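The values are calculated or read from the model by the stated rules, or taken from the named source; none is laboratory data. All of these numbers come straight from a predicted model, not from anything done at the bench. Heads up, the Cβs are rebuilt from the backbone with ideal geometry, glycines too, and the neighbour counts pull from every protein chain shown. What goes into the accessible areas is simple: the full protein's heavy atoms, side chains included, and nothing from ligands, DNA or RNA. Shrake-Rupley method; radii C 1.70, N 1.55, O 1.52, S 1.80 Å.
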Amino acid sequence: MARTRAPERTLLPSDEPLSLLRKDGTPVEDSPLVMPGDDVLVELHRRMVVGRRFDAQATALTKQGRLAVYPSSRGQEACEVGAVLALREQDWLFPTYRDSVALVTRGVDPAETLTLLQGGWHLGYDPYAHRVGPQCTPLATNSLHAVGFAHAARLKGEDTAALVLLGDGATSEGDTHEALNFAGVWRAPTVFLVQNNGYAISVPMSKQNAAPSLAHKGIGYGVPSVLVDGNDVAAVYAVVREALHAGGPTLIEAITYRIEAHTNADDANRYRDAAEVASWLDRDPVDRIESYLTARGLLDNARREAVAAEAEEFAARVRARLNTDVEPTPAELFEHVYAAKTANLRAQAAALREELA
Ligand SMILES: Cc1ncc(C[n+]2csc(CCOP(=O)(O)OP(=O)(O)O)c2C)c(N)n1
Ligand SMILES: [Mg+2]
């Protein structure tokens, strides 16, 4: 049986990724992790199914010319959903371009989530509404936002943690290291969740990292580190939840895989083979939780069909909302860059006005 109490925290990650469910959905007997309650497990499954359908819909919208670009997180649903459902109401999420499913799981309106990728306007959502920072495309910049936020919240005496999502490639950026260092020194309640999906576009992990694992990088900064199976939603939920409650920083590396190409603009066949993708399809995170719930009697055909129908309805609403032409106002490009426009921006705005006239 899984434990009911979390073990003491150490700086060193485990040799093997922690897990609660094996790839066939059978439970791991001697896991040090706390198995989430049945209601949580059932909800994790529902959100993963809806999230996956949303992701497929967004990919389809790129093919129809409705979205300029979409970075799919298919295969990474256990991270996207497990981490977000582990958040407490008051916590903040600092996501990347890869994490649209995390946003909709947090409750951000799906059409607002896709506004930026549609090229319609700036950020389409209000960060304060669901406590979700902007989806960052410049790698690792969100890690500094998260630490700064967590540190500020602590100074204000608030019980708020920050969860920052990063890719494996982002761990090679200086920003990640500065953020880990500050988080360690300030004991800022920041959870760094690295979704190691094997690649930074076409660059594999072997060309990116010489450490035993990415999680090991926390040690040098005095940040407790955890290695987890990123396709096991129960385990991701458990480790993120524990880290959010720990009161200081944690670095979590979740081992997962990006099933689709980097974005619709990328041809993944040029740098990885079909057998590798097939081996990860065999470790599908949705299938895994479905097998477990079915064996436990928590998921039957009627429930499966109801969840699938809900996902279809969700996708249909996204389609309907995005099947309208956007009419951007070019002058608005210069808004919201700085609180007060710089001289450079004012000059560029004037030049554009003149050209359009
Ligand atoms: C500072 C910076 N440098 C380079 C890029 C170009 N770039 C966009 S995505 C990407 C790969 C990132 O890989 P990873 O962090 O593993 O995230 P994933 O896309 O796999 O989710 C790169 C190099 C960027 N967006 N920002
Ligand atoms: Mg990656």
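A few comments on the model shown:
- Within the range 31-140, helices (runs of 4 or more DSSP H) holding 2 or more residues that are among the hydrophobic types (A, V, I, L, M, F, W, C): 38-63, 77-86, 100-106, 110-118
- Checked against the criterion of being of a type in the set (A, V, I, L, M) and within 16 Å of ligand 2 (Cβ to nearest atom), the candidates LEU155, LEU193, LEU180 yield just one match: LEU193.
- Qualifying residue in the range 246-258 (condition: polar (S, T, N, Q), touching a residue at least 40 places away in the same chain (Cβ under 8 Å), more than 15 Å from ligand 1 (Cβ to nearest atom) and farther than 17 Å from PRO71 by Cβ): yes
- Residue in the range 303-315 that is open to solvent by 70 Å² or more (accessible area, probe 1.4 Å), modelled with pLDDT under 95 and touching a helix residue (DSSP H, G or I) at 6+ places or on another chain (Cβ under 8 Å) present: no
- Only residues that are surrounded by fewer than 24 Cβ atoms within 10 Å (Cβ to Cβ), within 12 Å of ligand 1 (Cβ to nearest atom) and over 15 Å from the mean Cα position of the chain (by Cα) were counted in the range 145-176, giving 4.
- Among residues of the range 73-103 being among the hydrophobic types (A, V, I, L, M, F, W, C) and out of contact with any strand residue (DSSP E or B) (no Cβ under 9 Å at 6 or more places or on another chain), the one that is surrounded by the fewest Cβ atoms within 10 Å (Cβ to Cβ) is LEU85.
- The listed residue being open to solvent by less than 80 Å² (accessible area, probe 1.4 Å) and modelled with pLDDT under 95, out of THR263, THR329, THR342, THR294: THR329
- Residues of the range 224-244 include at least one that is of a type in the set (Gly, Ala, Ser) and either within 16 Å of ligand 1 (Cβ to nearest atom) or not assigned by TED's automatic domain parsing to the domain that holds TYR97 (or both).
- Taking strands (runs of 3 or more DSSP E) as the structural unit, those lying wholly within the range 156-241 and holding at least 1 residues that are more than 30 Å from ARG22 (Cβ to Cβ) correspond to 162-167, 190-196.
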